[in-house]
Amino acid sequence: MDSTQWNAETVRTWLASRLAASQVDQVRAERMGRDYEDDYDKAAAEEFVCRLAQRHASLEDQAGFGLYLKELLGRDEYNRTGVYSDRRFEREVRAYLRKLIRMAKANEGFDKTSHFQKD
């Protein structure tokens, strides 16, 4: 991806692919049982962030999208039903938001749409 040109459609595609991957990961973790509750909460956090980011109008503008993500990071709490540990979920949401902020600032990584990704 050309790092000088912001492409909202590429970011939307990346968010959709991460959303789908996180849902698959949640199902897998749920089926694996108690030992995979951490994995479930991590995937739920990824879904939470991607869903919020995907719906926001600021996606069209790189700077505006970055500001929106920083605004989300500044929240005191993140609520989602069905997670095993609220504390772990909130920690994972913050970690994923920081990752997405770095990606948006550098405009890198949005072309990688495979299920498993290195951070």
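The table below lists the values:
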| quantity | calculated |
| --- | --- |
| Test: residue in segment 36-52 that is over 16 Å from the mean Cα position of the chain (by Cα), at pLDDT 90 or above, in a helix (DSSP H, G or I) and surrounded by 14 or more Cβ atoms within 10 Å (Cβ to Cβ) | yes |
| Cβ-Cβ under 7 Å pairs, at least 6 apart or on other chains, segment 83-110 side within 17 Å of Cys50 (Cβ to Cβ) and in contact (Cβ under 8 Å) with a residue 12 or more places away in the chain, far side among the charged types (D, E, K, R) and not in a helix (DSSP H, G or I) | Phe89/Arg80; Glu90/Glu77; Lys99/Asp119 |
| Residue match in segment 108-117 (condition: part of a helix (DSSP H, G or I), open to solvent by less than 40 Å² (accessible area, probe 1.4 Å) and over 21 Å from Tyr40 (Cα atoms)) | no |
| Selected residue [among the aliphatic types (A, V, I, L, M) and under 14 Å from Met103 (Cβ atoms)] from Leu67, Leu15, Leu52 | Leu15 |
| Residues of segment 19-35 classified as free of Cβ contacts under 8 Å to residues at least 40 places away in the same chain and within 12 Å of the chain's Cα centre (by Cα), total | 4 |
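The values are calculated or read from the model by the stated rules, or taken from the named source; none is laboratory data. Keep in mind it's a predicted model, so treat the numbers as computed, not measured. When we count neighbours, we look across all protein chains shown, and the Cβ atoms used for this are built from the backbone with ideal geometry, even at glycine. These area figures cover heavy atoms from the full protein model, side chains too; ligands, DNA and RNA do not enter into them. Shrake-Rupley method; radii C 1.70, N 1.55, O 1.52, S 1.80 Å.
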